[in-house]
Structure formats: structure tokens, C-alpha cells
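Engineer: Below is one structure. I have some questions about it.
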Amino acid sequence: MNVPRLARRIFKGFAALVIFGVLGIGLLLGSLWLEHRTEVTLPIPTGAFAVGRAIYDWADDVAVDTLAPVPGTKRELLVWIWYPAAGQSAAIDDYLPVPLRAEVERSSGALISRFLTRDLSKVHAHSTRNSEVSSQQRCYPVVIMRAGASGEVWTYSSLAEDLASHGYVVVGFDAPYRTNIVVFPDGRVMRRLPENNPELCLGMTGQEQVHCVNRLLTAWIADIAFVLDRLERLNTSDASGEFTGRLDISRVGIFGHSFGGATAAQFCHEDSRCKAGIDVDGAPHGSVIQAGIHRPFMFLLSDHSRESDPESHHILANMQSIYDRLPADGRLRIVIRGANHFLFSDDGALLKSHIVLGTLRMIGILGIDGRRQLAVTTYCVHSFFDAYLNGKGVSRLKLRSPLYPEIQVLE
């Protein structure tokens, strides 16, 4: 055998693989860069109302923030409100205020912000800034929306805008020291502390995990209670006059994703102001698991059909415990076939690269298109609140629809 000739062939083959690999990486990066710079619009809201958006900085003059690094720090929240607007004549607002957008991109780093995510200046939503509240109704039911884990609430704008377009005032908020990044109107930037990350708690076991989760859950629920208190005050006397008398505080719903969903369940157990709630793919925690909820509630789940580990069985058993204690005419468990846990946010509409998406589908991480997942989710969310907050008079909501065959109802 001619060893030098064989060595040359091996070297040429290796060199060809390296060249093809470099070209492939270059094409992928080029594709990601072009897509990063492409204009993209969130899904169009499906309701009849135009949507307005207002942002408030609310500080608590009484209670302290138990998750703040300095004892005695007062609670302060950046509150986002989406609502039925008077018309579409006003200009559409930026997806994010410029200072917040700049801080998000700066924090992400060059690789993530330029190649692996969208250029947020080219993402377009459908809300107008500080428009008048629609006069089509005297007042509107209120729905609190909670983000997952340490996520920012604006990353759920697709869900908020769609629900507002169906005649709801949707209120979300970002909280210093537990939301990834909060940028207040005066320029202050607050970041999440590592010990306030719910995902850190879930990596613990036994009583250590219980203590960690309950510490965060207590603070999250107190935040919601504070927001509802301030909404009652806003409804009584709004300095701008826009929301005075326009909020129906007797009809309050809440929904949240992931840890936000767990918070929704616990809040509906604890606070009688909750009239209906939804847990979007969140593992339950707290006393609600054994005590239950005595008002309409829905579990809206991604596709967990491939999960058979003990932890998954434990989560399903906890959901079953809550479900069994719900009112018979106001309980639902819905699975969206093929849905992914992380695509209930705007990422469902913004996830990039056909190459990346194709790979994720091939290995089973994605079962349906992200925008399709959002479409099914918004249908389920507004249908549930229409039934139990808007007085449609149903004995029990039937969510099955030929338009959304991905919906699987678990009895």
C-alpha cells in the first residue's frame, strides 16, 4: 500500500469536510444576520377592538419588597396595561420603549443580539400609545397577566394584545430583583438577583425547594394584590381621566405562564378578587395543591406526551389534585398537541431561521409552528374568559373546535 498517497487522500477528505463545515457555518450566520434585520410583525389580534397601551411606574408607600437586596426597600413595579382603544387613528407604538430596547440588547451581548434573536427595533406590535379607552362599553373586565420565571411581561405582548382586542383590560408588570431587566421611565435599570430565579428553586429538593419556592411565591402574590389595589384607585380617580370608572374590578381574571401560572393558581386560592384563572403550562406550588380553588380555572398545557419521568408524574398528580377540587362546571384541562413550553411567549412568533426550526422539528422539540401555537393559545384564553368573566352564561365551556384540531380536552 502506498502510505503517502493514502495520507494525502485522508488529508484532502478532511480538508474538504472543514471547507464544507466553514461554508455551512458561514451560510447559517449569514442567514441569521439577514433574518435579524428583517421586519416582523406580531400576530394580528383577533378581536373587534383596537388596542391601546399605557405604562406606569407604581411605588408602594406602605409595604416593603421582601426580595430586594436592601431590607426596607419599598415595592415598586413597572406596570403595562393593554386595553380596548377608541380607534386606530393613532400611530402604532414601538414594540419596546427605546431605553428598554437598548438595555435588553446590551445585556444580551453581540452574538445573541445580532445573530440569535430579532432586532427588536424591527419587531412591530399593534398597540397605540395612551389612546382613549373605547366608549363601546361603559367598563371592561380586568385580567392580570404574569410572565414565566424571570421573563419580562412585554415578551407576552401577542397574548395581551389579542385579549385586549376582545374587550379586556390586560395588566402585566415587571418587578425589580426578580424580572430579568426592568428599566423605569427615569432611566434606572434593575436586574434580577440570582437567588430570586424560580428555576434555581426547581433544581433543589425536599424542604429546601419548598422554602425557596414559597419565598418567591409569597412575593409574587403580594405584587398582584398591590397591583389590584392600585387598579381600584386608578378606577376611582385616574389623573389622566382615561381609566376612571372604566375598570370592572368585580370581574377580575388572572393567567400566567410557567411559574406565573403557578402564581395564578395560588392567587386564585388565596384572594377572592380572582373570579377566573388560567395556568399556562406551569407546575403548581403552594397550599393550592391540597386546598384547591373554588372558582373557574383552566390548565392550558403544552404537549408532554413524551415525558414519563417521576418529576413529570408528580406535577401531573398535583394538577389532578387541584382539578378534582374545582367546580364541576368551571374546570378545564387542555393540551395543545405539538406545543412547546417556551413558545407561549412572543418567541412563538419571533423564533428565527428555517434551518434552526427544521432541526428542532426533526429532533422532536417542536411539533407545530410557533405562530400556530399562539393562535390556539389566544383562542383558548379569550374563550375561557368570555365564558367566566363576560357573563356568556355557559354551564360548562366547550373548547373543542374544528378550526383548532390541536386542542385535546382532558376530562
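The values are calculated or read from the model by the stated rules, or taken from the named source; none is laboratory data. Being a predicted model, the structure only gives us computed values, none of them experimental. When we count neighbours, we look across all protein chains shown, and the Cβ atoms used for this are built from the backbone with ideal geometry, even at glycine.
Engineer: Give A86, A68 a once-over and let me know the one that is modelled with pLDDT of 80 or more, under 18 Å from F184 (Cβ atoms) and not basic (K, R).
Structural biologist: Step by step, each of A86, A68 is checked, and only A68 is modelled with pLDDT of 80 or more, under 18 Å from F184 (Cβ atoms) and not basic (K, R).
Engineer: What's the total number of residues in region 304-326 that are outside any helix (DSSP H, G or I) and modelled with pLDDT under 95?
Structural biologist: Within region 304-326, residues that are outside any helix (DSSP H, G or I) and modelled with pLDDT under 95 number 6.
Engineer: Let me ask you something else. Given the conditions (1) closer than 28 Å to G241 by Cβ; (2) under 20 Å from the mean Cα position of the chain (by Cα), and given that R192 satisfies all but one, which numbered condition is not satisfied?
Structural biologist: For R192, the exception is condition (1).
Engineer: Still on this structure, please answer the following. I181 - would you say it is within 15 Å of W58 (Cα to Cα) and surrounded by 16 or more Cβ atoms within 10 Å (Cβ to Cβ)?
Structural biologist: no
Engineer: Turning to a different aspect of this structure: Kindly provide the set of residues from region 226-248 that are assigned to a helix (DSSP H, G or I) and either under 16 Å from S287 (Cβ atoms) or basic (K, R) (or both), ordered by number.
Structural biologist: Matches in region 226-248: R230, R233.
Engineer: Is it the case, given these coordinates, that G391 is farther than 21 Å from S158 by Cα, assigned to a loop (DSSP other than H, G, I, E, B) and either modelled with pLDDT under 90 or in contact with a strand residue (DSSP E or B) (Cβ under 9 Å, 6 or more places away or on another chain) (or both)?
Structural biologist: Yes.
Engineer: Considering only residues that are assigned to a helix (DSSP H, G or I), modelled with pLDDT under 70 and aliphatic (A, V, I, L, M), which ones fall in region 360-383?
Structural biologist: L360, M362
Engineer: Given the criteria surrounded by fewer than 16 Cβ atoms within 10 Å (Cβ to Cβ), out of contact with any Gly (no Cβ under 9 Å at 6 or more places or on another chain) and not polar (S, T, N, Q), does E105 qualify?
Structural biologist: So E105 does not fit the description; no.
Engineer: Something else about it: Inspect all residues belonging to region 138-149 and state whether any of them is at pLDDT below 95, farther than 30 Å from R246 by Cβ, under 13 Å from the mean Cα position of the chain (by Cα) and assigned to a loop (DSSP other than H, G, I, E, B).
Structural biologist: yes
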